[in-house]
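The values are calculated or read from the model by the stated rules, or taken from the named source; none is laboratory data. The structure presented is a predicted model; accordingly, all values stated were derived computationally and were not measured. For neighbour counting, all protein chains shown are included, and Cβ atoms are generated from backbone atoms with ideal geometry for every residue, glycine included.
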Amino acid sequence: MRKRSHQFLLVGMLAGMVAGALAGWFMGTEAVTWFGWMGEFFLRCLKMLIVPLILFSMITGVASLGDVRRLGRPGMTTIAYYLSTTALAVLLGIILVNLIQPGVSYERPELTAEEQAKVERLEQERGEKSFAESLQDMALTLVTPNLIEAMAAGNNLPLIVFAIIFGAILTTLGEPGLRATRVIETLNDATIKFIRLVILLAPLGIFGLVAAKLGATGGGAAFWGKIKQVGTYALTVIIGLVIHGVIVLPLVLRLLTRRNPLRYGGHMARALTTAFSTGSSAATLPVTMENVEMGAGVSKRSSRFVLPLGATVNMDGTALYEAVAVIFIAQSYGIALTPVQMFIVFLTATLAAIGAAAIPEAGLVTMVLVLTSVGLPVEGIGLILAVDWFLDRCRTTVNVWGDAVGAAVVDRLGFKGLPPAPGPPRA
């Protein structure tokens, strides 16, 4: 019965996406007025659950190891997976953009006042900082003097660090720690049930999100005109995302876990649909966790440890996109990057993707770091703003898919053979 209800919900989400695209295409800006609130309501409901979900799931995930010393193998496996797949995505993007060269024949248009204002805002957010200073800032984001303020600003890394350390400390407290862990597990179970209620709103929420976003561009005709302007660039990004999402990650899944990628992807369909419609890995996290645990059968201790961390730092799609975008901007300005500069793009795009917040269009902020690292004009970001909202959804979908594959990989390689954590029997 549950499987059938999940299928109906998936059909409803896909129908909402199609109907939203049609509404936004033909109604234009009126779609924002009529349907935007529906998408915003759904998005706020999902975001409302991010903090309790990360806090409770990561604490229980770490505490489920039983002994804090067992964190070593799962932790190292997780880090190795994140770094290697992100690096592969960046390398793929660099190869494709140099083969296709979408910026060579591109004629740069004059930026509109709105695009110029957005570029200036992004530049102010990043500031005039060197590469070393930017790395220092990324390190400092791991901790905060005010945890609540950081969460309100969308910076969940300090929360993750707190949850990991707190969960590890609970494993050292003996019986009192086990009782506290059981309470937190109950709170996590209640949060998961809350998520299932919110997901029932997904068809209408996705309809509103897609309709409003497409309508905000001026409707179908206006969006198509913008796509044609930077069509080769957009196509290069999409080809890279497809190769990484359909070939690279499924190969990793098959080789390292022996799972069937098609079946595993089918279990993740609702999460991937939500990722595309919201453009936010963090907002999709509740759905991703439910699909990975309930659908794909990945253990809870792997899911609750890997996925909250992945939603914040594992951004394969964003890393690939940033590499393509930066080199496209260089090509459009007629600037030939040296092999050393290409390596700097590779390195900074990888690090910038890790430092990007799990929110819509966060990659634009970190792209300033990549551009300045090789001396490219920041105003070049204005060339890609017209289609960034659409590509943002594409890369977020790959980000979430990468997180889901990572949960399966760590479950097999990191947690296999580890005994379950001791705990008091349930009443």
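A compact table of results
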| read-out | value |
| --- | --- |
| Total residues in the range 2-19, condition crowded, with 17+ Cβ neighbours inside 10 Å and at pLDDT below 75 | 1 |
| Boolean, Leu140 is closer than 14 Å to Gly61 by Cβ and among the aliphatic types (A, V, I, L, M) | no |
| Selection count where residues are assigned to a loop (DSSP other than H, G, I, E, B) and either of a type in the set (Phe, Trp, Tyr) or farther than 21 Å from Thr284 by Cβ (or both), scope the range 22-64 | 3 |
| Scope the range 49-75; condition surrounded by fewer than 22 Cβ atoms within 10 Å (Cβ to Cβ) and at pLDDT below 85; matching residues | Leu49, Val51, Gly66, Asp67, Val68, Arg69, Arg70, Leu71, Gly72, Arg73, Gly75 |
| Sole exception among (1) under 21 Å from the mean Cα position of the chain (by Cα); (2) surrounded by fewer than 18 Cβ atoms within 10 Å (Cβ to Cβ) for Ile160, by number | (2) |
| Scope the range 174-197; condition modelled with pLDDT under 85, of a type outside the set (Lys, Arg) and either in a loop (DSSP other than H, G, I, E, B) or within 30 Å of Gly24 (Cα to Cα) (or both); matching residues | Gly174, Ile195 |
| Top-ranked residue in the range 341-355 [being surrounded by fewer than 24 Cβ atoms within 10 Å (Cβ to Cβ) and aliphatic (A, V, I, L, M); ranked as nearest to Val400 (Cα to Cα)] | Ile354 |
| Out of Thr366, Thr396, sole residue that is within 27 Å of Val287 (Cα to Cα), modelled with pLDDT under 80, under 15 Å from the mean Cα position of the chain (by Cα) and surrounded by 23 or more Cβ atoms within 10 Å (Cβ to Cβ) | Thr366 |
| In the range 293-319, the residues that are hydrophobic (A, V, I, L, M, F, W, C) and within 17 Å of Ala80 (Cα to Cα) | Phe305, Val306, Leu307, Leu309, Ala311, Val313, Met315, Ala319 |
| The range 291-336, residues that are under 20 Å from the mean Cα position of the chain (by Cα), modelled with pLDDT under 85 and of a type in the set (Ser, Thr, Tyr) | Thr312 |
| Qualifying residue in the range 187-208 (condition: in contact with a Ser or Thr (Cβ under 7 Å, 6 or more places away or on another chain), crowded, with 19+ Cβ neighbours inside 10 Å, closer than 30 Å to Cys394 by Cβ and touching a residue at least 40 places away in the same chain (Cβ under 8 Å)) | yes |
| Residues of the range 369-393 classified as in contact (Cβ under 8 Å) with a residue 60 or more places away in the chain and buried (at least 22 other Cβ atoms within 10 Å of the Cβ), total | 7 |
| Wholly within the range 222-340, helices (runs of 4 or more DSSP H) carrying at least 3 residues that are touching a helix residue (DSSP H, G or I) at 6+ places or on another chain (Cβ under 8 Å) and crowded, with 22+ Cβ neighbours inside 10 Å | 231-243, 269-278, 281-290, 300-313, 316-332 |
| Where Ala211 falls short, out of the listed (1) within 30 Å of Phe8 (Cβ to Cβ); (2) at pLDDT 85 or above | (2) |
